[in-house]
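Working notes, beginning with the structure itself.
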Amino acid sequence: MPWPEVWIVVPVLPWLAALWIGAGLMTGRRRGESEERSTARIALGAVGLAFLGMLILDFVAWRHGAPGYLLITSWFQSGALQINLSLLLDRPALVMATLSAAGTLTVLRFSVDYMHREAGFHRFFAVLCLFSGGMLWIALAGGPVLTFVGWEVAGLASYLLISYAQERATAAENATRAFVTNRFGDAGMLLGIAMLTAWGVGLEWPGIFQAVHRNLSPPVAIVVLGFAVAALAKSAQIPFSAWIPRALEGPTPSSAVFYGALMAHAGAFLVLRLEPLLWHTPFLMGILLLLGVLTAILASAMGRVQTDVKSALIFSTQAQIGLIFAECGAGLFDVALWHLAVHASWRLYQFLLSPSYLHLAKGVARPEPGWLNESHALYDLVLHRGWFDALTDALFTRPTLGLARDARLFDELVINRIAGRPLKEHLLASRAEWDDPATLVLPGSVTVTQGRGLFGGILAAMGGLLHWFEERLVLNSSGDGLLRIVALSGGYLTRVEESFGRPRYLLLMIVLTFLVIL
């Protein structure tokens, strides 16, 4: 295919628009209602050109076949490790990338009026362009490293728009839950990339697939398992299913493009990308089939007890994506690709229409089915969303937040002491306060002698040890402390230096130097 370097512009254009809008926000040139039209034109222009580029690629694929793998340039190389800037333009990539560009362009146009006069109008459009570029990289990347770059950028954009209403504590909490849960999934993708690197298979999709067919690959199950965990988390499948209903805190357009149309389907697309590897791991295909079916059944039941439109749609989305995972687990990859494209398009339309549903509805809401009302245990299960919220908080969110608090303790009790800085906002008034560790109170009424869990206990013990060090050596004013030791050491070093300055020792050093050279 001629001029392969040109096609790198397609996923880069939305990021350039995000950079331009973001620079205007930082400099204060792009604020207020007067600049809304300019911001919208930049975003629509960049994503519109990306969509046009995808249509051209689709036409080329229709006339001459899919371009396949395109190497742009080498991005990073260290020894045998090489990461390329490359594209893989096969059928799944073209379908997903065209869908991503078209969906983002539709949502951007819808948002021009929907977000009019919103305080965060420009921020919203910048983040949506950032997300658009991330999704295009997920679809078009020629290797798992570039896929991971797009994966992380899309996740960051999701976090920023879930917490769009920054002044609301609920929005920040739900954004944190979604962010933390997806980071555990990202660890799985990093595991897969690390395994591929360790066994020298390479980090380009065509090379990985060829190595599998030649039986030169590492244990494929480890690689597939890592990527499958990432896919399950991104698409909110069991056991990572709790975060997606909370992600609806963001504006309706972002909910439509993120969780109705595109990002929730990114995990399913990754499974489609892994098709050549999955055929070598039938056991993991069975697990994907099982988890997909379980998610579809549970999400479908949970959607029937919802009282608002967006929640009902998000559980329906979760159920349909569960069926896509089940189709991949059953080996029906072509069916799964068609299912993904049709469902994403239809769900985008439904989410964008959701603000109007109350006006369009002519009667009362559909009641729950009889089989659900007859079983109190089952009704309680789906009403509480399978208690996955509590499970996710216990397994992911609370341990992560606890680790963050302990890291703050580490900064206050260890790093600040080593650096010689006083405790932030807790300067001690007198020497007597240092004699009682109980008086060392940190923010949140956490004392030096307290800690949460094993890591917190270790930090508290280190803090106590450093307190003893300061008490006995640094703060001792009787002359027996660290200052006296430093003074004595300085005196001895001064004598040594003076000795080396004498002629006989200087001559001896010159003779020794010549002996070493000879």
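Annotations
- Hits in the range 6-31 (condition: without any contact (Cβ under 8 Å) to a residue 24 or more places away in the chain and either assigned to a helix (DSSP H, G or I) or open to solvent by less than 60 Å² (accessible area, probe 1.4 Å) (or both)): 6, 19, 20, 23, 26, 27, 28
- Qualifying residue in the range 212-221 (condition: in contact (Cβ under 8 Å) with a residue 12 or more places away in the chain and in contact with a Pro (Cβ under 9 Å, 6 or more places away or on another chain)): yes
One line per residue, one yes/no per condition, for (1) within 14 Å of the chain's Cα centre (by Cα); (2) within 25 Å of residue 76 (Cα to Cα):
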| residue | (1), (2) |
| --- | --- |
| 107 | no, no |
| 116 | no, no |
| 124 | no, no |
| 137 | no, yes |
| 142 | no, yes |
| 149 | yes, yes |
| 164 | no, no |
| 168 | no, no |
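- Within the range 281-309, residues that are farther than 18 Å from residue 351 by Cβ sit with their Cβ atoms under 9 Å from residues that are open to solvent by 50 Å² or more (accessible area, probe 1.4 Å) and charged (D, E, K, R), at 6+ positions apart or across chains, in these pairs: 298/385; 304/366; 304/368; 305/368.
- Residue count, the range 176-230 (criterion: open to solvent by 10 Å² or more (accessible area, probe 1.4 Å) and touching a His at 6+ places or on another chain (Cβ under 7 Å)): 1
- Options 284, 288, 294, 270: the member that is assigned to a helix (DSSP H, G or I), open to solvent by 40 Å² or more (accessible area, probe 1.4 Å) and within 30 Å of residue 195 (Cα to Cα): 294
- Within the range 330-340, none of the residues are of a type outside the set (Phe, Trp, Tyr), over 21 Å from residue 103 (Cβ atoms), buried (at least 24 other Cβ atoms within 10 Å of the Cβ) and in contact with a helix residue (DSSP H, G or I) (Cβ under 8 Å, 6 or more places away or on another chain).
- Test for residue 254: is it open to solvent by less than 10 Å² (accessible area, probe 1.4 Å), within 24 Å of the chain's Cα centre (by Cα) and not β-branched (Val, Ile, Thr): yes
Residue-by-condition table, conditions (1) within 15 Å of residue 135 (Cα to Cα); (2) small (Gly, Ala, Ser); (3) touching a residue at least 60 places away in the same chain (Cβ under 8 Å); (4) open to solvent by 70 Å² or more (accessible area, probe 1.4 Å):
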residue	(1), (2), (3), (4)
76	no, no, no, yes
86	no, yes, yes, no
90	no, no, no, no
100	yes, yes, yes, no
105	yes, no, yes, no
110	no, no, yes, no
113	no, no, no, yes
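- Which listed residue is open to solvent by less than 10 Å² (accessible area, probe 1.4 Å) and closer than 28 Å to residue 42 by Cβ, from 121, 59, 148: 121
- As a summary of the residue check, residue 149 satisfies the conditions (1) in contact with a Phe, Trp or Tyr (Cβ under 9 Å, 6 or more places away or on another chain); (2) closer than 20 Å to residue 12 by Cβ; (3) in contact (Cβ under 8 Å) with a residue 40 or more places away in the chain except for the one numbered (3).
- Residue list for the range 151-180, filter: under 27 Å from residue 96 (Cβ atoms), among the hydroxyl-bearing types (Ser, Thr, Tyr) and at pLDDT below 85: 163, 164
- Summed over the range 32-52, the residues that are crowded, with 16+ Cβ neighbours inside 10 Å and farther than 18 Å from residue 130 by Cβ give a count of 2.
To keep it simple, each residue is scored yes or no on (1) more than 14 Å from residue 262 (Cβ to Cβ); (2) part of a helix (DSSP H, G or I); (3) at pLDDT 95 or above.
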position: 302; (1), (2), (3): yes, yes, no
position: 307; (1), (2), (3): yes, no, no
position: 310; (1), (2), (3): yes, yes, no
position: 317; (1), (2), (3): no, yes, no
position: 325; (1), (2), (3): yes, yes, yes
position: 331; (1), (2), (3): yes, no, no
position: 344; (1), (2), (3): no, yes, no
position: 354; (1), (2), (3): yes, yes, no
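- Helices (runs of 4 or more DSSP H) fully within the range 55-171 counting 3 or more residues that are among the polar types (S, T, N, Q): 91-114
The values are calculated or read from the model by the stated rules, or taken from the named source; none is laboratory data. Owing to the predicted nature of the structure, the values given are computational and were not obtained by experimental measurement. Please note: Cβ atoms are built from the backbone with ideal geometry, for glycine as well, and neighbour counts cover all protein chains shown. SASA here: full protein model, heavy atoms, side chains in, ligands and nucleic acids out. Shrake-Rupley method; radii C 1.70, N 1.55, O 1.52, S 1.80 Å.
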